[in-house]
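Trainee: Mind having a look at this structure? Questions to follow.
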Amino acid sequence: MSSNLESIVSGLDHASDAIVTWLRNQQVGPNAYPGVPAEYTNWRDEQRAWNETCVLFNQSYHMAELMVEGPGAFDFLLGLGINSFKGFIPDRAKQYVPVTAYGHVIGDVILFYLAPEKFNLVGRAPTLNWLMFHGEGREGVTLTYDERTAARPDKENRRHFRFQLQGPNAAAVLTEAMGAPAPDLKFFHMTWIEIAGKKVHALRHGMAGQPGYELMGPFEDHDAIHAALVAAGKNHGLALVGGRTYSSNTLESGWIPSPLPGVYTGELNRPYREWLKANQYEAVCSVGGSYVPDSVEGYYTTPWDLGYGAFVKFDHDFLGREALEKIAAGPHRKKVTLALDDEAVTEAIFGQFGNDGLRPKYMEFPSAVYAMHPFDRVERDGKLIGVSTWIGYTTNYGKMVTLAFVDADHAEPGTEIDLVWGEPDGGTTKPTVEKHRQIKIRGVVAPVPYSEVARTAYAPSWRTKTA
């Protein structure tokens, strides 16, 4: 039995697409959202609430987190991230992005600077695994990992609770819960507040492209804080958001949550693959969609693909700097939203009816993602011009949209494209994939973020030239 990722990939057939085939046929679907119901009411009203009133996301269960502490913690994190740490002080946070020595993205997490010599990183497992590998045995650094609920034996007893209040009424709800004015914070700034007699760390942040706060504290305070927020929200249209709705919020804010960590090839990555166990994320995650490259490296991304080019700062030494200095000159693909044509989407759905041959791939609402890492072909005049990475429906705009990166020559809003929907050859063996046929769904390039609020009034770093 394979004991680590290296033994798995080295044991595959040496054909160039062996790793691609293996990832595409992994027996898992999209990420799970444990700890909350699929829907509290219905996903349409839950989506509308973050745009019209306010929602409460419970993020206490589905993300992993890593505490990094000690006198060497600051320099350790600086040396593995593309981000500048100039002016980075306690009670600040940032979107933290590490890359391999080849300049390929591992993933991204939110990095919280909690106190001198104390950091918390929260997000998907690959980035945290990368940090743990590089931090093992490092002097002056202590790392403490807290696994996501779906992958832990006890299913409870997380280190922290984590809630997000999002929407136009978020500040009003927080004000009522605190019994004092909600803090007026700059984006990614933090402060301490008190709710239900308990101290809570509050971050100015937003997942749905709307103004709001992320609230965190000891997990034993979870129920008390949650109850206080729900009570405070009764007069402000607060809606609880279930797991079915949660994964669709990123479609409006423009964050691509699914880069495949670029670690499956490359001799410089071999020690990491040997360190990764056969049951860890990188060894069990799945890839889906119509885009099937000749090599797994076709799935790797650079910071520019994901819209993180502005994060790349060469004011410090970090792993992957030399590679990114060469890549920085370009050309770069650009992150965009694709707004799919209403009639073309309807045709895809209509194809589910009747009994003549294979139907198109079933399109789930509101999130149509059916693998942990979706990759669909984006074409123009039959030629590949980019890759779609996340797809779903937004009630707030009445559109099926995707998040993609495309060649810069085709990134202008209004550019007509075709999305290839469904996997080739009838589909893979993933349990979320039925036998089906591929179809093309026409659409146009649109701004990212798709949410007008996010583009024009929320986070300046997300604004686009097309706003």
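The values are calculated or read from the model by the stated rules, or taken from the named source; none is laboratory data. On a predicted model such as this, the values are computed, not experimentally measured, just so you know. Virtual Cβ from ideal backbone geometry, glycine too; neighbours counted across all protein chains shown.
Trainee: Of H226, H189, H205, H236, which residue is under 23 Å from the mean Cα position of the chain (by Cα) and surrounded by 18 or more Cβ atoms within 10 Å (Cβ to Cβ)?
Mentor: On the way: H226 fails: under 23 Å from the mean Cα position of the chain (by Cα); H189 fails: surrounded by 18 or more Cβ atoms within 10 Å (Cβ to Cβ); H236 fails: under 23 Å from the mean Cα position of the chain (by Cα).
The match here is H205.
Trainee: Then there is this: Please return the ranges of strands (runs of 3 or more DSSP E) entirely within the stretch 94-174 where 1 or more residues are β-branched (V, I, T) and more than 23 Å from P218 (Cα to Cα). Quick ask: steps written out before the conclusion?
Mentor: Working: elements: 109-115, 118-123, 142-146, 160-166.
Fully inside the stretch 94-174 and qualifying: nothing.
Trainee: Shifting gears a bit: Which of the residues belonging to the stretch 210-239 are within 25 Å of T394 (Cα to Cα), touching a Gly at 6+ places or on another chain (Cβ under 7 Å) and not in a strand (DSSP E or B)?
Mentor: If the condition is that a residue be within 25 Å of T394 (Cα to Cα), touching a Gly at 6+ places or on another chain (Cβ under 7 Å) and not in a strand (DSSP E or B), then Q210 is the only one that fits.
Trainee: Identify all residues within the stretch 2-40 that are out of contact with any strand residue (DSSP E or B) (no Cβ under 7 Å at 6 or more places or on another chain) and within 30 Å of P211 (Cα to Cα); write none if there are none.
Mentor: Once the filter is applied, which keeps residues that are out of contact with any strand residue (DSSP E or B) (no Cβ under 7 Å at 6 or more places or on another chain) and within 30 Å of P211 (Cα to Cα), the stretch 2-40 yields P30, N31, A32, Y33, P34, P37, A38, E39.
Trainee: I would also like to ask the following. Scanning for something at pLDDT 95 or above and exposed (fewer than 14 other Cβ atoms within 10 Å of the Cβ), does the stretch 435-458 turn up at least one residue?
Mentor: Yes, the stretch 435-458 contains at least one residue that is at pLDDT 95 or above and exposed (fewer than 14 other Cβ atoms within 10 Å of the Cβ).
Trainee: Continuing with the same structure: Does any residue of the stretch 230-249 turn out to be touching a Lys or Arg at 6+ places or on another chain (Cβ under 9 Å) and hydrophobic (A, V, I, L, M, F, W, C)?
Mentor: Within the stretch 230-249 (the criterion being touching a Lys or Arg at 6+ places or on another chain (Cβ under 9 Å) and hydrophobic (A, V, I, L, M, F, W, C)), the answer is yes, since at least one residue qualifies.
Trainee: Sticking with this structure for a sec: Out of K334, K326, which single residue is modelled with pLDDT of 95 or more and in a strand (DSSP E or B)? Walk me through how you get there before you give the answer.
Mentor: Working: K326 fails: in a strand (DSSP E or B).
Exactly one of K334, K326 is modelled with pLDDT of 95 or more and in a strand (DSSP E or B), namely K334.
Trainee: Could you please tell me which pairs satisfy a Cβ distance under 9 Å, a separation of 6+ or placement on different chains, a first residue in the stretch 31-55 that is within 21 Å of V369 (Cβ to Cβ) and at pLDDT below 90, and a second residue that is part of a helix (DSSP H, G or I) and among the hydroxyl-bearing types (S, T, Y)?
Mentor: Short answer, once both residue conditions are applied: A32/T149; Y33/Y246; P34/T149; G35/T149; V36/Y246.
Trainee: Right, here's the next one. Taking the stretch 178-199 as the region of interest, how many residues are more than 26 Å from Q95 (Cα to Cα) and part of a strand (DSSP E or B)? I'd like the intermediate steps shown before the answer.
Mentor: In the first step, residues of the stretch 178-199 are kept if they are more than 26 Å from Q95 (Cα to Cα); the result is 178-181, 195-198.
Those still in the list that are part of a strand (DSSP E or B) too: 195, 198.
The total comes to 2.
Trainee: Which residue is farthest from G288 (Cα to Cα), if the candidates are limited to the stretch 367-389 and must be assigned to a loop (DSSP other than H, G, I, E, B) and among the aliphatic types (A, V, I, L, M)?
Mentor: Top of the filtered list is A368.
Trainee: Going through the stretch 390-415 one residue at a time, which ones are within 21 Å of I349 (Cα to Cα) and assigned to a strand (DSSP E or B)? Full working, then the answer.
Mentor: Step one: list which residues in the stretch 390-415 are within 21 Å of I349 (Cα to Cα), which gives 390-403.
Scanning the stretch 390-415 gives W390, I391, G392, Y393, T394, K399, M400, V401, T402, L403.
Trainee: Here's another thing I want to ask about it. I'd like the full set of residues that are surrounded by 23 or more Cβ atoms within 10 Å (Cβ to Cβ), farther than 23 Å from F161 by Cβ and in contact with an Asp or Glu (Cβ under 9 Å, 6 or more places away or on another chain), limited to the stretch 104-128.
Mentor: Within the stretch 104-128, H104, V105, P126 meet the criteria.
Trainee: Among (1) assigned to a loop (DSSP other than H, G, I, E, B); (2) at pLDDT 95 or above; (3) farther than 30 Å from E136 by Cβ, which single condition is N83 missing?
Mentor: If we test N83 against (1) assigned to a loop (DSSP other than H, G, I, E, B); (2) at pLDDT 95 or above; (3) farther than 30 Å from E136 by Cβ, just (3) comes out false.
Trainee: Looking at the stretch 302-309, can you tell me whether even one residue there is within 20 Å of V105 (Cβ to Cβ), surrounded by fewer than 21 Cβ atoms within 10 Å (Cβ to Cβ) and not assigned by TED's automatic domain parsing to the domain that holds T100?
Mentor: Applying the first criterion (within 20 Å of V105 (Cβ to Cβ)) to the stretch 302-309 yields 302-309.
So of that shortlist, the ones also surrounded by fewer than 21 Cβ atoms within 10 Å (Cβ to Cβ) come out as 309.
Now narrow it down to the ones that are not assigned by TED's automatic domain parsing to the domain that holds T100: 309.
Yes, there is a match, as at least one residue in the stretch 302-309 is within 20 Å of V105 (Cβ to Cβ), surrounded by fewer than 21 Cβ atoms within 10 Å (Cβ to Cβ) and not assigned by TED's automatic domain parsing to the domain that holds T100.
Trainee: Counting just the residues of the stretch 343-366 that are under 29 Å from the mean Cα position of the chain (by Cα) and assigned to a loop (DSSP other than H, G, I, E, B), which one comes out surrounded by the most Cβ atoms within 10 Å (Cβ to Cβ)?
Mentor: K361
Trainee: Go through the stretch 428-444 and give me each residue that's over 21 Å from S253 (Cα atoms) and touching a Gly at 6+ places or on another chain (Cβ under 9 Å). Write out each step before concluding.
Mentor: Just the residues of the stretch 428-444 that are over 21 Å from S253 (Cα atoms), to begin with: 428-442.
Of everything in the stretch 428-444, those that are over 21 Å from S253 (Cα atoms) and touching a Gly at 6+ places or on another chain (Cβ under 9 Å) turn out to be T428, K430, P431, T432, V433, E434, K435, H436, R437, Q438, I439.
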